[in-house]
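Here the structure is laid out as structure tokens; the discussion comes afterwards.
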Amino acid sequence: MAKSSKISGFYKLSVHERLKVLQEQAELSDEDIEVLSNTGALTLEQADRMIENVVGTTEYPLGVACNFLIDGKEYLVPMAIEEPSVVAAASNMAKIARVKGGFFTSASEPVMIGQIQITDVSDPFFARQAILARKKEIIDLANEQDPVLVKFGGGARDITARVIDSIVGPMVVVHLMVDCRDAMGANAVNTMVEACKPLVEEISGGKVYLRIITNLAKFRVARARAVFDKKTVGGEDAVEGVIKVYALALADPYRCSTHNKGIMNGIDAVTIATCNDFRAVEAGAHSYAAMNGDYKPLTKWEKNKDGDLVGSIELPLAVGTVGGATSVHPVAKVARKILDVKSASELARVMAAVGLAQNLAALRAIATEGIQRGHMGLHARNIAQMAGATGEMIDKVVEVLVKEKNVRVDRAKEVLEELRG
């Protein structure tokens with residue numbers, strides 16, 4: 001059979017029928033098909049209702065970070081991630097934070113922004129004021145679209161409007177602010193702004209094209225702060241080292257990119273474990289970091305009068321505890337039980353604390369022992385398995401690789417052969 005990606009009616013097939021077609025087209029073995037069919041807690045039938053053209057699932061390791069004391073409450077934090085040392089690092093920093101009372105957090109109201117783009121307006125500044133003059137009418141129309149959200153205390157709250165110059169001429173951009181309560185809110189906001197299109201066109205005399213949520217959720221911000229005892233964190237040199245490494249991130253976008261990536265290691269892991277939209281969270285975080293024109297760290301690191309290390313973080317976190325995959329995925333539902341969070345705001349605050357802990361773990365490692373030491377042992381386990389080691393032999397190969405500081409597959413194969421005699 002000739003290979004082709006043009007498969008008529010693929011979406012109409014059952015999952016098992018798709019697997020048969022895929023096996024022929026991609027020349028998969030029976031063992032490959034068995035791997036795809038082994039989906040764990042999320043059944044093929046459940047997956048098939050979540051996205052299109054389903055042929056299987058993929059799994060991340062799910063770990064639990066310990067030691068988190070946040071606003072006086074104990075938390076076990078589920079984290080889904082493939083990168084070694086992330087869960088251990090978060091747990092270790094959370095343990096250090098406990099010495100000075102743990103993490104303290106806050107969050108703004110769960111307000112998301114829906115954008116409505118108005119083009120082809122001859123008098124954009126006049127149109128802007130006309131829209132603002134009929135604000136209540138627009139908000140009322142938006143709220144008619146989701147009476148359930150309004151019933152629970154949410155809904156459209158306000159609108160703003162700006163005139164923007166663009167390559168196709170001036171346009172008016174309306175922002176509809178929507179309190180999404182415990183939902184992430186994309187579906188609710190998108191429904192509202194789409195419903196407002198005819199009215200906005202009538203008021204402005206222009207043509208509406210874009211009407212969609214923005215992931216720069218600047219009104220839905222979570223914050224966390226903590227004091228890290230100077231002795232427990234590694235002494236005065238460690239405190240000074242963390243601040244100096246942070247200073248480079250503050251001054252240099254090349255370093256800042258990796259600095260913020262380390263923060264998102266922790267936040268994304270919790271986002272994925274709870275089946276929230278980690279792409280939206282990432283987009284919001286990085287655009288928030290660049291809001292003032294320069295890309296900056298999402299955290300701040302200082303030294304207090306006692307010489308202790310003081311850290312804080314602030315970023316938008318549009319996550320939900322109801323709706324979407326977070327209410328459907330069986331592992332996500334268990335993850336929420338482990339977390340024991342009662343609202344989307346509480347989830348966001350926990351995630352902010354995890355991001356702060358993760359950032360400190362990376363900065364402290366860089367400033368003291370180097371980033372590779374913490375990674376090496378866990379990375380060596382992956383390399384040992386890639387080389388064919390199983391069972392107790394994995395630990396023996398890892399011991400040699402770490403001791404030699406030579407974590408490579410070719411060396412792991414040599415060590416394995418030597419151990420086997």
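The values are calculated or read from the model by the stated rules, or taken from the named source; none is laboratory data. If you're wondering where the values come from, they're calculated on a predicted model, not measured in any experiment. Here Cβ is always computed from backbone atoms with ideal geometry, including for glycine, and neighbour counts include all displayed protein chains.
Miscellaneous remarks
- Listed by position, the helices (runs of 4 or more DSSP H) contained in segment 273-379 that have at least 1 residues being surrounded by 19 or more Cβ atoms within 10 Å (Cβ to Cβ), aromatic (Phe, Trp, Tyr) and within 14 Å of the chain's Cα centre (by Cα) are 278-289.
- Among (1) under 18 Å from Pro253 (Cα atoms); (2) in contact (Cβ under 8 Å) with a residue 40 or more places away in the chain; (3) in contact with an Asp or Glu (Cβ under 9 Å, 6 or more places away or on another chain) - the single one Gly284 does not satisfy: (3)
Here's the yes/no breakdown for (1) of a type outside the set (D, E, K, R); (2) assigned by TED's automatic domain parsing to the domain that holds Met291; (3) within 29 Å of Phe152 (Cβ to Cβ); (4) surrounded by fewer than 19 Cβ atoms within 10 Å (Cβ to Cβ):
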site: Asp179; (1), (2), (3), (4): no, no, yes, no
site: Asp182; (1), (2), (3), (4): no, no, yes, no
site: Ser204; (1), (2), (3), (4): yes, no, no, no
site: Leu210; (1), (2), (3), (4): yes, no, yes, yes
site: Leu250; (1), (2), (3), (4): yes, yes, no, yes
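- Residues within segment 391-405 that are under 12 Å from His379 (Cβ atoms) and part of a loop (DSSP other than H, G, I, E, B), tallied: 1
- Segment 306-328 residues that are over 12 Å from Ile267 (Cα atoms) and in the same structural domain as Ile70 (by TED's automatic domain parsing), paired with ones that are basic (Lys, Arg) and part of a loop (DSSP other than H, G, I, E, B) (beta carbon under 9 Å, 6 or more apart): Gly320/Arg181; Thr321/Lys342; Val322/Arg181; Val328/Arg49
- Residues of segment 47-76 satisfying the condition of being farther than 16 Å from Ala273 by Cα, crowded, with 16+ Cβ neighbours inside 10 Å and either touching a His at 6+ places or on another chain (Cβ under 9 Å) or among the aromatic types (Phe, Trp, Tyr) (or both): Phe68
- All helices (runs of 4 or more DSSP H) inside segment 119-191 with 1 or more residues being within 21 Å of Ala107 (Cβ to Cβ) and touching a His at 6+ places or on another chain (Cβ under 7 Å): none
- Within the option set Gly101, Gly153, being touching a strand residue (DSSP E or B) at 6+ places or on another chain (Cβ under 8 Å), on the phi > 0 side of the Ramachandran plot and not assigned by TED's automatic domain parsing to the domain that holds Leu176 holds for one residue only, Gly101.
- So Met264, is it under 25 Å from the mean Cα position of the chain (by Cα), outside the structural domain of Ala133 (by TED's automatic domain parsing) and either free of Cβ contacts under 8 Å to residues at least 24 places away in the same chain or surrounded by fewer than 18 Cβ atoms within 10 Å (Cβ to Cβ) (or both): no
- In the condition set (1) in contact with a helix residue (DSSP H, G or I) (Cβ under 7 Å, 6 or more places away or on another chain); (2) modelled with pLDDT of 95 or more; (3) not aromatic (Phe, Trp, Tyr), Lys342 is compliant with all but (1).
- Among helices (runs of 4 or more DSSP H) entirely within segment 17-118, having at least 3 residues that are more than 19 Å from the chain's Cα centre (by Cα) and under 30 Å from Leu199 (Cα atoms) singles out no element at all.
- Close pairs (7 angstrom Cβ cut-off, 6 or more residues apart or separate chains): within 18 Å of Thr57 (Cβ to Cβ) in segment 12-30, loosely packed, with under 12 Cβ neighbours inside 10 Å anywhere: none
Residues checked against (1) of a type outside the set (Asp, Glu); (2) over 26 Å from Glu346 (Cα atoms); (3) in contact with a strand residue (DSSP E or B) (Cβ under 9 Å, 6 or more places away or on another chain):
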| position | (1), (2), (3) |
| --- | --- |
| Leu132 | yes, yes, yes |
| Met184 | yes, no, yes |
| Leu199 | yes, yes, no |
| Lys207 | yes, yes, yes |
| Ala217 | yes, no, yes |
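- Selection count, segment 213-239, where residues are assigned to a strand (DSSP E or B), of a type in the set (A, V, I, L, M, F, W, C) and under 20 Å from the mean Cα position of the chain (by Cα): 4
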